[in-house]
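> Structure provided below as structure tokens; questions to follow.
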Amino acid sequence: MTANVTVIAHPLVQHKLTLLRDKTTPSADFRRVIREIGLLLGYEATRDLPLENVPIETPLEPMQAPRLAGKKLCIVSVLRAGNGLLEGMLDLIPSARIGYIGLARDEATLQPAEYYLKLPGELGQRPVLVADPMLATGNSAIAAVTRLKQAGATRIKFVCLLAAPEGLAAFAAAHPDVPVFTAAIDRQLDHRGYIQPGLGDAGDRIHGTKG
Ligand code: URA
């Protein structure tokens, strides 16, 4: 099955992605750049947010002007690497509600186990952006979105930096209704489930910890 994927080919996104891929980029720069790219990915993923016209007055005259309609958007960070993108998405949409899903990957089975969940109310009435930089096997992405659907979310988009073809196929099979926004689709997974060429362990690179 082909995933519903948008690759953000914008030159600024591609330039920043190269900085993130470069192993000599230190954590402080990695954190700053992933935040910047989170804003740009969020911008593309929110293109179709609904608007409504409201009456306002400019200094010159009254007018009907568009503003975002409906309940506030929710950004859900998949801990811990999702927080890198979350920061930039909040720069873009400061009034967003925030949710967290903690998923730890068992390095032997590559299966995710949930260790934390905190979501805002009325999830079913909000657009939901899931932030998780690496769509590798797809197991965490699938688990996170399954959990959000159980909590009532219906309008979900998945935002990542990098995706592997294997993960995209698995994700599309599990959640064909959820569009994916990514800066690139890489070649493949290695035997440990890392994306190649990738950028390494996103959580470690953001936090300055070593895998
Ligand atoms: N998670 C990461 O942080 N990097 C990968 O390459 C795959 C999963």
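> Given (1) farther than 25 Å from LYS72 by Cα; (2) more than 10 Å from the ligand (Cβ to nearest atom), identify the lone condition not met by VAL180.
Among (1) farther than 25 Å from LYS72 by Cα; (2) more than 10 Å from the ligand (Cβ to nearest atom), the lone unmet condition for VAL180 is (1).
> Among the residues of the stretch 149-175, what is the count of those that are surrounded by 24 or more Cβ atoms within 10 Å (Cβ to Cβ), in contact with a strand residue (DSSP E or B) (Cβ under 6 Å, 6 or more places away or on another chain) and either more than 17 Å from ARG80 (Cα to Cα) or basic (Lys, Arg) (or both)?
The number of residues fulfilling the criteria is 3.
Conditions tested, residue by residue: (1) part of a strand (DSSP E or B); (2) small (Gly, Ala, Ser); (3) more than 16 Å from the chain's Cα centre (by Cα).
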position: TYR116; (1), (2), (3): yes, no, yes
position: ALA141; (1), (2), (3): no, yes, no
position: ALA153; (1), (2), (3): no, yes, no
position: PHE158; (1), (2), (3): yes, no, no
position: ALA172; (1), (2), (3): no, yes, no
position: PHE181; (1), (2), (3): yes, no, no
position: GLY193; (1), (2), (3): no, yes, yes
position: ASP204; (1), (2), (3): no, no, yes
position: LYS210; (1), (2), (3): no, no, yes
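> Sticking with this structure for a sec: Between LEU148, LEU199, which is within 15 Å of the ligand (Cβ to nearest atom) and either in a loop (DSSP other than H, G, I, E, B) or under 15 Å from the mean Cα position of the chain (by Cα) (or both)?
LEU199
> If you don't mind, there's one more thing I want to ask. Answer yes if at least one residue in the stretch 24-45 is surrounded by fewer than 20 Cβ atoms within 10 Å (Cβ to Cβ) and touching a strand residue (DSSP E or B) at 6+ places or on another chain (Cβ under 8 Å), and no otherwise.
yes
> On the given criteria, is PRO133 closer than 27 Å to PRO94 by Cβ, modelled with pLDDT of 95 or more, buried (at least 24 other Cβ atoms within 10 Å of the Cβ) and in contact with a helix residue (DSSP H, G or I) (Cβ under 9 Å, 6 or more places away or on another chain)?
yes
> Going residue by residue through the stretch 119-128, is there one that turns out to be within 25 Å of PRO176 (Cα to Cα) and part of a strand (DSSP E or B)?
Yes, the stretch 119-128 has at least one match.
The values are calculated or read from the model by the stated rules, or taken from the named source; none is laboratory data. Note that the coordinates shown come from a computational prediction; the quantities given were computed from them, not determined experimentally. So basically every Cβ, Gly included, is an ideal-geometry build from the backbone, and we count neighbours across all protein chains shown.
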